[in-house]
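What follows is a short report on a single structure.
What follows is calculated from the coordinates using simple rules that are stated; it is not laboratory data. What you see is a predicted model, and the numbers here were worked out from it, not measured in a lab. Heads up, the Cβs are rebuilt from the backbone with ideal geometry, glycines too, and the neighbour counts pull from every protein chain shown.
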Ligand code: PMP
């Protein structure tokens, strides 16, 4: 049997047709591509953290329920007692778990542009992407309601704020969607720390609502820890297909330690939000650039027509890695996305962009 025949006899055609999610190599570059918090910890906190890790029993499996960490997360997020929380190896894993639990004829609905993993992980399920409104990137409520009626999706994903556009959708539209949906609505609050807005308080009002968060954007991307809150009935189903011990002991102990120092992250979040205003203003002062308002730790911006690739490459050659989204076309045509870094990193990015605009035009 030839290699190709072997592959096609073994794997689903959807898997054969897809491409792996590849992450650009940032070696030697200022890394402003992945919505990470740019700040590391002060030395005294690092020391205490290593102290906390010192007695981790690596010869034993971790607590399968990660009870201590789950309690910390519930408390810090003000998740009422009557709701359960499931932890994942990043919120990516939770998206995967949720989609794995659906019947094979189920379909998923999400706005477009949206977070790429919703589609990537929907694999063999139906997937409907509903364009956001041009200009505002808000939800097209009539189109969403129509799609709900026609496709009866088992799950609707709404990132709040949205990635890669950075905006918060209209709260009233989100609520109308939750009310109209017969299936689940996952409000993905990955960027909540920068937004001061959340649907956690709505959990009690809608049985089909799940709120998902991550510690990645807060400053703990390396730990791989996401979580989802919902009614015990819903969380119980996800828990059945969760791998045992999916949160390793180093993550459990480190996250507990880090979250007990949450004031540090709150301070860093404030710095990032203050820098976001500066970068937004500077971007919009550049001729040919339109930056879109953001409630997250990144900014989407439009470049002159058909020049995004050149501008992206030129910025990279000057030592700064951002994200080129222009190949996705549609509302993202000519668009690049920059994560907010430290003041000096943002300044380097703005200088590189200014320089590339001056040389290219
Ligand atoms: N949701 C959204 C909207 C995201 O942008 C991301 C990461 N880029 C994630 C979820 C996944 O986060 P993680 O797996 O790091 O928890």
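Quick check: from the Cα gyration tensor, does the range 75-194 come out rounded (a/c under 1.5), prolate or oblate? Cα axes put the range 75-194 in the rounded bin.
Within the chain, antiparallel bridges make up roughly 50 percent of the DSSP beta bridges whose residues both belong there. Against the empirical curve 2.2 N^0.38 Å, the C-alpha radius of gyration of the chain lands at a ratio of 1.02.
How would the range 149-240 be classified by its alpha-carbon gyration tensor: rounded, prolate or oblate, with rounded meaning a/c under 1.5 and the a/b versus b/c comparison settling the rest? It comes out oblate by the Cα gyration axes. Hydrodynamic analysis of the range 101-170 uses the Kirkwood radius over alpha carbon pairs. Inserted into Stokes-Einstein at 37 °C and 0.692 mPa s, it gives a translational diffusion coefficient of 267 µm²/s.
This ranking places 231, 27 by how few other beta-carbon atoms lie within 10 Å of each, fewest first, which gives 27, 231. Per-residue ellipticity at 222 nm, computed for the chain from helices alone with -39500 (n - 2.57) per DSSP H run of at least four residues, works out to -12000 deg cm²/dmol. Modelled this way, with points 7 Å down the Cα-to-C-beta line, the labels at residue 19 and residue 61 are 3.9 nm from one another.
Neighbour counts of C-beta atoms inside 10 Å place 55, 138 in the sequence 55, 138, starting with the fewest.
The Rg/Rh ratio of the range 57-261, with both radii computed over alpha carbons and Rh defined as the Kirkwood radius, is 0.96.
Counted residue by residue at 0.36 nm each, then reduced by the alpha carbon distance between them, the extension gain from residue 49 to residue 344 reaches 103.5 nm. May I ask for the distance between the Cα centers of the range 22-38 and the range 232-247, given as a whole number of Å? Here the two parts' Cα centres lie 32 Å apart.
The coefficient of translational diffusion for the range 1-62, derived via Stokes-Einstein from the alpha carbon Kirkwood radius under 37 °C and 0.692 mPa s, stands at 189 µm²/s. Provide the FRET efficiency to the nearest 0.05 for the residue 176-residue 358 pair, computing r from the beta carbons and using R0 = 51 Å. Working from the Cβ atoms, E equals 0.65. On the basis of the beta-carbon distance and an R0 of 22 Å, residue 39 and residue 198 show a calculated FRET efficiency of 0.45.
If you wrap the tightest convex hull around every Cα atom of the range 182-336 and split its volume per residue, you get 173 Å³. In this label model, residue 270 and residue 305 are separated by 4.6 nm, measuring between points 7 Å along each Cα→Cβ vector.
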